[in-house]
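Right, one structure below, let's go through it.
The values are calculated or read from the model by the stated rules, or taken from the named source; none is laboratory data. This one's a predicted model, so the numbers in the text were calculated from it and none came from an experiment. Cβ sites come from the backbone with ideal geometry, for glycine too, and all protein chains shown count toward neighbours. We work out accessible area using only protein heavy atoms, side chains counted, and drop any ligands, DNA or RNA first. Shrake-Rupley method; radii C 1.70, N 1.55, O 1.52, S 1.80 Å.
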Amino acid sequence: MNDQSDFRVTLLGTGGPRPRPDRFGPSTLIEAGKQKLLIDAGRGATIRLYELGVSLGTIDALLLTHYHSDHTIGIPDLWLTGWLGSQYARRTKPFRVIGPTGANELMSGLQMAYALDVKIRTDDEQLPPQGIAVIVEEFKDEGIVFQAGNFRVIGFEVDHGDAIKPAYGYRIEYGGRAVAISGDTRYNENVVKYGAGADLLIHEVAIVRPELASEPYIQRILAHHTAPREAGTIFERARPKLAAFTHLVFLASEQIPPASLDDLIAETRQTYGGPLEVGEDLMSFEIGETVNVRRTRSKAM
Ligand SMILES: [Zn+2]
Ligand SMILES: [Zn+2]
């Protein structure tokens with residue numbers, strides 16, 4: 001932590017399912033005082049933590065927004081690699097997972113899948129059993145899902161489509177400041193409600209060139225996400241100090257290329273005139289009196 005603020009948010013991965021090397025799977029690091037939370041663990045979350053110099057074993061809890069695999073596929077890596085004896089890992093306390101209904105099933109399945117590795121490393125490397133233990137806290141309703149002193153996280157329901165339930169966003173409060181993250185959702189009033197007056201509102205977005213927008217398979221994907229103009233409306237109504245995009249879904253076909261970042265900004269500007277950042281991997285936000293944006297330099301161990 002630097003001297004400006006002890007509340008920091010870092011986008012570890014700003015992509016979706018597409019295995020892009022420049023935008024890893026969805027994952028966001030929250031640092032508040034001595035606490036470190038991860039929201040989702042998409043592909044490559046451990047690599048980005050390593051680049052930041054954050055030991056995998058120091059994550060206090062993993063919060064899940066929903067169960068699409070692009071948000072969870074990094075969990076076994078964080079859980080298992082974070083237990084190793086090297087300085088980039090060394091978790092000695094249980095791996096704590098907080099999520100809506102479904103977290104127990106996911107984590108017990110992973111424990112079954114990796115039981116042999118756990119046994120081998122316990123016997124061979126004598127890694128501490130408590131460091132690979134799993135504690136799951138499932139919730140069914142909106143409300144506080146994590147609390148430590150003046151740091152708390154509130155889960156709120158979002159709308160990722162009728163068949164994709166449960167789906168949640170989170171509002172993170174620390175020392176009188178607040179950050180909201182939409183999770184995956186289409187335009188949803190709850191993001192306005194829980195994002196209202198936040199210092200930072202992080203929203204997902206999906207964009208496609210108009211030529212491709214009428215294709216049925218594209219329509220189906222777009223129906224699960226928020227268009228830039230809609231996100232702009234959310235920002236305009238919630239009025240955060242800073243709005244930022246993550247989970248950038250750029251749809252394309254073999255014939256029609258993806259929209260550009262300029263297109264994304266121009267579309268958002270149709271409905272929103274306030275401060276805006278298009279997230280990129282390892283972009284961080286210091287939440288102090290003002291919100292300062294940094295592109296964090298790699299300091300791999
Ligand atoms: Zn997603
Ligand atoms: Zn999703």
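Points to keep in mind about this one:
- Filter result (on the phi > 0 side of the Ramachandran plot and open to solvent by less than 20 Å² (accessible area, probe 1.4 Å)) within region 28-46: 40, 44
- Selection count, region 210-225, where residues are under 23 Å from residue 182 (Cβ atoms) and either of a type in the set (Asp, Glu) or open to solvent by 80 Å² or more (accessible area, probe 1.4 Å) (or both): 2
- Criterion applied to 49, 64 was being more than 12 Å from the chain's Cα centre (by Cα) and open to solvent by less than 10 Å² (accessible area, probe 1.4 Å), and the one residue passing it is 49.
- Flag if residue 236 is in a helix (DSSP H, G or I) and either surrounded by fewer than 16 Cβ atoms within 10 Å (Cβ to Cβ) or of a type in the set (Gly, Ala, Ser) (or both): yes
- Matching residues, region 1-58, being among the charged types (D, E, K, R), more than 16 Å from ligand 2 (Cβ to nearest atom) and not in a strand (DSSP E or B): 3, 6, 20, 22, 34, 48, 51
- Here the condition is being within 15 Å of the chain's Cα centre (by Cα), over 20 Å from residue 285 (Cβ atoms) and either away from ligand 2 (no atom under 15 Å from the Cβ) or touching a residue at least 24 places away in the same chain (Cβ under 8 Å) (or both); of 206, 167, 213, it holds for 167 alone.
- Pairs, first on the phi > 0 side of the Ramachandran plot in region 175-197, second among the acidic types (Asp, Glu) and surrounded by fewer than 18 Cβ atoms within 10 Å (Cβ to Cβ), C-beta under 9 Å, six or more apart: 175/6
- Filter result (open to solvent by less than 80 Å² (accessible area, probe 1.4 Å) and aromatic (Phe, Trp, Tyr)) within region 92-127: 95
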